[in-house]
Amino acid sequence: MTVVVATPDFRTYPMEPGIVLAVAQDRMVVVHWADGTTARFHAVWLRDNAAGPAYLDAHSRERVFDILDFGQDIVPGAVSAGDDGTLMVDWSDGTGPCAYHPGWLRAHCYDRRESDTAQSGCTTWGANLQASLPLFDGNAISDDPATRLRWFEALQRLGLTVVTDTPADPDAFARWVEALLIVRDMNWGKYASVVYEPDGEYIANKGIVITPHVDGPTREHMPGIQIFHCVENTVDGGESSWTDGFHIAEILRRDHPEDFRLLTTIPWTMANRHPDTEYVSHAPLITLDKVGRPVEVRDTHWLREPLMTEFDLVEPLYAAYRRYATLTRDPANRVFHRLRRGETAFIDNRRVLHARGTYVTTSGQRHMIVCYSEREEVESAVRVLRRGAAA
C-alpha cells in the first residue's frame with residue numbers, strides 16, 4: 001500500500017529513509033533518519049511549512065493561513081516518528097497533529113544545506129564546445145517529454161542549444177515555439193524579422209559584421225532567452241557565433257582581477273532611443289550574485305552612453321572594457337555555426353553573447369526571425385517535466 005503524505009508542493013519525494021526518532025528541544029525539533037542523518041528544524045519554520053487540509057489548499061498548495069495566525073515563540077506540544085517514517089508534530093497552539101513527509105524534510109534540510117558557493121549547475125565553455133554543439137530535433141522536442149527535458153536542461157547548463165527541423169514558415173514557427181515557451185512582447189512586438197535593409201533602422205538589418213553582444217541591455221529586466229530562427233540563409237558569409245560571457249568573466253577574475261573588479265562594480269549607462277520609446281539602464285557590465293558568481297552580462301557596444309564615473313577611473317575602466325572585448329572576439333572563446341533553413345538557436349541572452357559575420361548582400365537571401373522568452377519559463381518547464389518523470 002502506498003503511503004500518501006501531504007507536502008507543500010507537487011513534487012514526488014522518497015519515503016525512504018524514514019524518520020526513526022524526533023526530539024523537541026526548546027523551540028527546535030531534532031530529526032533522525034534511518035540512515036543516521038540528523039538535522040535541526042526551528043519550530044516556527046515547521047509550523048509555517050505545515051501541510052494538510054488545515055494548512056494548505058489541496059489544489060494550488062498555497063497556504064490558507066497567515067503568518068500572524070501563530071506566534072514567533074511557538075513550540076511543539078509533542079513530536080514523534082510515525083510508523084511510516086513521517087515526523088508527527090502536535091502544535092502548542094491547538095491546531096492539531098501535522099505529518100511531515102520524511103523525503104520532503106530531507107530535501108529542505110537548511111541545517112545541512114550545501115554551501116552557497118557550490119556550483120549552480122552552469123557549465124562554462126569556450127571553443128571546446130564546437131565539437132559537441134548541443135543539437136536537438138524540433139519534432140522530438142515537441143513529441144517526447146524526455147527529449148524536451150534534456151533540451152531544456154542543456155539550455156540551462158550551457159546557455160546555448162541549436163534545434164533542427166523547426167518549421168521554416170514564420171507563422172508555423174510562431175505556433176511551434178509558443179507551444180513550448182511564453183514569448184515576451186517587446187516594444188517592436190513579439191517577433192522581429194532580420195533581413196537586409198540598406199536604409200533599415202537597425203544595424204542588424206545591414207550586411208556588416210555584428211560583434212558579440214546581448215539584446216535588450218537597456219531594459220530594466222533584460223530578455224532571458226533569445227530565440228533566433230532561420231527562415232532562409234543562402235548568402236555568402238553571415239555565419240553566427242556565440243561567446244559564453246560567464247567564461248569570459250572567469251578568465252578576467254583569474255588573470256586580470258582588477259579589470260574584473262571594475263567591470264563588476266562600476267555602472268555603465270546604455271540607451272536605446274526611438275521616436276516612440278527611450279530605454280535607459282545603469283548597471284555594471286557583469287552582475288554578480290551574493291557569493292560572487294556571474295548572473296548577467298549586459299553589453300551591447302553600440303548602445304553604450306558616455307561613461308560617467310570618477311575621473312581617475314575612466315582610463316582604467318576603458319582598459320578593462322577593451323580587454324573584455326578582446327576576449328569576447330578571440331576565436332578560442334567562440335563557437336561558430338551557420339544557421340540553415342528551419343534551424344533555431346536558443347541562447348541565454350543574459351549570459352551568451354551572439355555575433356554575426358559580414359555577408360555578401362547580393363549573393364542570396366538571409367531572413368532570420370528573432371523573439372524572446374525568459375529564464376523563468378525554462379525553469380518552470382524543467383520543474384514540471386521532472387515532476388512528470390518522477391511520478
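The values are calculated or read from the model by the stated rules, or taken from the named source; none is laboratory data. Note that the coordinates shown come from a computational prediction; the quantities given were computed from them, not determined experimentally. To get the accessible areas, we keep the full protein, side chains included, count just its heavy atoms, and leave off ligands, DNA and RNA. Shrake-Rupley method; radii C 1.70, N 1.55, O 1.52, S 1.80 Å.
Things to note:
- Phi to ³J(HN,Hα) by Karplus 6.51 cos²θ - 1.76 cosθ + 1.60 over region 255-264, Hz, x for Gly, Pro: 9, 9, x, 6, 4, 4, 4, 5, 6, 9
- Kirkwood Rh, Cα atoms: Rg over Rh of region 261-391: 1.03
- Calculated from the alpha-carbon coordinates, region 136-178 shows an Rg and a Dmax of 10.6, 30 Å respectively.
- Taking all protein chains together and a 1.4 Å probe, the residues 181, 135 rank 135, 181 from largest to smallest accessible area.
- ³J(HN,Hα), Karplus 6.51/-1.76/1.60, whole Hz, each residue of region 372-380, x for Gly, Pro: 9, 9, 10, 4, 5, 5, 5, 4, 4
- Between helix 145-158 and the chain there is an angle of about 70 degrees, using the helix long axis and the longest principal axis of the Cα atoms.
- GNM top mover of 63, 340, 184 - the chain, alpha-carbon springs below 10 Å: 63
- Residue with peak Gaussian network fluctuation, the chain [Cα springs, cutoff 10 Å], from 374, 153, 315: 315
- Degrees between helix 314-329 axis and first principal axis of the chain (Cα, 0 to 90, nearest 10): 90 degrees
- Legend: Rg and Dmax of the chain, from Cα coordinates, 25.8, 81 Å.
- Theoretical ellipticity at 222 nm over the chain - DSSP helices of four or more residues, -39500 (n - 2.57) apiece, nearest 500: -7000 deg cm²/dmol
- Computed from backbone phi, the HN-Hα couplings of region 72-81 come to 4, 9, 4, 10, x, x, 7, 10, 6, 9 Hz, rounded to whole numbers (Karplus: 6.51 cos²θ - 1.76 cosθ + 1.60, θ = phi - 60°; Gly and Pro given as x).
- DSSP bridge pairs, the chain: antiparallel proportion in percent, nearest 5: 95 percent
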